[in-house]
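The values are calculated or read from the model by the stated rules, or taken from the named source; none is laboratory data. From a predicted model like this one, the values you see are computed outputs, not experimental measurements. Positions of Cβ are generated from backbone atoms using ideal geometry, with glycine treated the same way; all protein chains shown enter the neighbour counts. SASA here: full protein model, heavy atoms, side chains in, ligands and nucleic acids out. Shrake-Rupley method; radii C 1.70, N 1.55, O 1.52, S 1.80 Å.
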Amino acid sequence: MILQDLIAALELPASSRVDQRIPKKLLVENGAPTAADKRNINEGIEEIQWVASLKSSTIGVPEYRDEAREYLEITVLHIALRPDAKAARIAELTHRAIPYPLILLLTAQDRLILSMAHIRWAQNEAGKVVLDGELVVLALACDSTLPEVLSAFLKALSITRQPRANLKVLYQGWLDTLTACLAAQITGAFAQSETEVQASVRRAALQDCRRLEAEAERLRNVAAKEKQLARRVEMNIELQRLLQRKLKGVSVADVEPGRRPRLYAGDKVIQTKNDYDLDVMNGAMGIVLGAGDDGSLAIDFDGRPVKIDAATEAVNNVQLAYATSIHKQQGSEFPCAIVIAHKSHSFMHHRNLLYTAVTRAKESVIILGDRWGIANCATKRQVDRRNTFLSFLLPEDRA
């Protein structure tokens with residue numbers, strides 16, 4: 001599907017067409033509150049095209065006014081995006097910058113995105129327009145949208161099939177058409193709402209779907225972290241097998257499911273829990289000096305040999321440390337650090353983590369990954385909010 005197919009499906013009168021290019025600087029000046037937003041617009045947008053102006057004089061539909069809003073015109077706008085553009089943010093900025101209800105068409109590679117939202121007067125600033133509710137966003141792609149759904153949607157878009165009592169009612173009709181297509185992407189069948197009650201129920205159902213999808217995504221991230229933990233255990237066993245064979249000539253025994261890997265002399269390990277009896281703290285790194293057949297261990301922790309009896313719980317607090325998380329290595333240093341920054345771990349990417357990982361190396365660092373993953377890890381910044389009672393504990397003159 002191409003942009004011109006959708007514009008043609010709207011069946012807009014020739015008198016409403018503008019087809020005029022708009023400089024990006026106008027959007028930057030009127031719709032970019034922050035430096036990051038200015039950068040998103042300048043770097044993410046290829047061009048902006050004013051497609052049509054729908055008002056009473058061009059389409060014969062009356063204007064709408066009440067105490068909360070004024071619909072004098074519906075603007076149809078097209079924005080061509082560059083490959084790495086942040087489409088969602090650009091769409092929001094554009095809607096906030098245009099003082100009219102907007103039919104926004106965004107094209108990005110093989111995708112076409114439609115975005116709409118009602119507007120109203122701002123309550124705290126006279127003459128200023130704000131969004132009234134969330135954006136309704138529909139993404140279309142030939143390879144992911146059923147042909148019958150796409151065909152029915154395009155037919156329903158025609159201005160001749162929309163209610164025309166006034167511009168607000170017309171805009172709501174198009175919004176309901178987008179909502180019907182969003183529902184069809186889930187159900188596989190396109191059907192317009194016949195009443196406002198049906199449309200309202202459908203909008204509520206879609207909100208529930210979005211909420212459930214967000215919760216599912218959260219659970220997927222949790223599951224991914226669990227998989228990463230399992231993968232780290234596997235990686236340590238693989239490295240143990242490789243290094244023991246290469247350096248010691250030792251054949252490492254297979255690990256039975258649900259059992260801990262056996263440790264051998266020369267293995268690199270980490271303490272995972274504070275042990276005050278042995279005077280070994282969580283995060284301490286060590287080298288196995290010897291491993292008894294009964295499971296007892298002798299470990300060199302920073303030049304201090306420590307013996308661990310197999311019959312004690314302490315033996316379970318030691319793990320292989322050929323590969324560990326960055327969090328566990330804060331405060332440690334190594335001659336060489338090998339850091340993985342791949343897009344498959346994007347949910348864990350953080351600029352501070354990459355800095356911590358790289359600065360663990362005293363002589364050299366090797367970063368393994370892909371170009372996108374490394375760039376994302378280097379640029380992603382997030383400050384976690386921490387709620388404490390510190391202000392209540394400090395004296396009033398220092399709080």
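Loop-located trypsin sites (Lys or Arg not before Pro) in region 157-189 (DSSP state other than H, G, I, E, B) with a sparse environment of at most 16 neighbouring Cβ atoms within 10 Å: Arg164. Amide H contacts of Gly369 (H built 1.01 Å from N, in plane; Pro and chain starts excluded): Ala341 sit under 5 Å, all sequence-distant by 5 or more or on other chains.
Extending 7 Å from Cα along the Cβ direction at Ala265 and again at Arg381 yields two label points whose distance is 5.2 nm. Out of Gly266, Gly188, Gly249, any idea which swings most in a Gaussian network model of the chain, alpha carbons joined below 10 Å? Among Gly266, Gly188, Gly249, the largest GNM mean-square fluctuation belongs to Gly249. Take the chain, mark every one of the chymotrypsin sites (Phe, Trp or Tyr not before Pro) that falls in a DSSP loop and has at most 13 other Cβ within 10 Å, then report the longest stretch left between them, sites excluded. Here the longest segment lacking exposed loop sites spans 1-275. For Lys55, go through the lysines and keep the ones whose alpha-carbon is under 28 Å away, minus same-chain ones fewer than eight residues off. Result set, ordered by chain and number: Lys24, Lys25, Lys128, Lys155, Lys168. Between Ala122 and Met235, the simple label model (points 7 Å from Cα in the Cβ direction) yields a spacing of 4.8 nm. Largest GNM mean-square fluctuation among Leu138, Leu54, Leu289, using the chain with Cα springs under 10 Å: Leu289. Accessible area of region 85-156 with a 1.4 Å probe: how many percent of it is carbon plus sulfur? About 52 percent, which is the carbon plus sulfur part of the accessible surface. Accessible area per residue for the chain is 60 Å², calculated with a 1.4 Å probe on protein heavy atoms, without ligands, DNA or RNA.
To the nearest µm²/s, what D does Stokes-Einstein give for region 226-337 at 37 °C and 0.692 mPa s, using the Kirkwood radius over alpha carbon pairs as Rh?
Using the Kirkwood radius from Cα pairs, D works out to 225 µm²/s.
Using the Cβ-Cβ distance between Ile22 and Leu206 with R0 set to 22 Å, the FRET efficiency from 1/(1 + (r/R0)^6) comes to roughly 0.10. Remark: region 253-322 carries a charge dipole of roughly 180 debye about the Cα centre, counting +1 on each Lys and Arg Cβ and -1 on each Asp and Glu Cβ.
Here r is the Cβ-Cβ distance between Ser296 and Glu217 and R0 is 51 Å; the resulting FRET efficiency, rounded to 0.05, is 0.65. Spacing of the modelled spin labels on Cys336 and Ala80, each 7 Å from Cα toward Cβ, amounts to 4.8 nm.
Applying both filters, DSSP loop and at most 15 other Cβ atoms within 10 Å, to the GluC sites (Glu not before Pro) of region 86-151 gives Glu125, Glu134. Computed from backbone phi, the HN-Hα couplings of region 65-82 come to 9, 8, 5, 9, 7, 9, 10, 9, 7, 10, 9, 10, 10, 10, 10, 8, 9, 7 Hz, rounded to whole numbers (Karplus: 6.51 cos²θ - 1.76 cosθ + 1.60, θ = phi - 60°; Gly and Pro given as x). Bridging of Lys268 to lysines at a Cα separation below 27 Å is possible for Lys225, Lys227, Lys246, Lys248, Lys307, Lys328, Lys362, once same-chain residues fewer than 8 apart are set aside.
Secondary-structure-derived ellipticity at 222 nm for the chain, considering helices only, amounts to -11500 deg cm²/dmol, per-run term -39500 (n - 2.57) for DSSP H runs with n ≥ 4.
Only one item in [x] 66, 52, 42; [y] 90, 62, 40; [z] 67, 52, 46 matches Cα extents along the principal axes in Å derived from the coordinates shown, and that item is [y]. The magnitude of the dipole of region 27-92, with charges of +1 and -1 set on the Cβ of Lys/Arg and Asp/Glu and taken from the Cα centre, is near 140 debye. Near the amide H of Ala284, within less than 5 Å, lie the amide hydrogens of Gln271, all on another chain or at least 5 residues away, with H placed in the peptide plane. Note on the chain: with charges restricted to the Cβ of Lys and Arg (+1) and Asp and Glu (-1), its dipole about the Cα centre is near 680 debye. Quick one: among Cys377, Cys181, Cys209, which has the greatest mean-square fluctuation in a GNM of the chain with alpha-carbon springs under 10 angstrom? With Cα springs under 10 Å in the chain, the top fluctuation among Cys377, Cys181, Cys209 is at Cys377.
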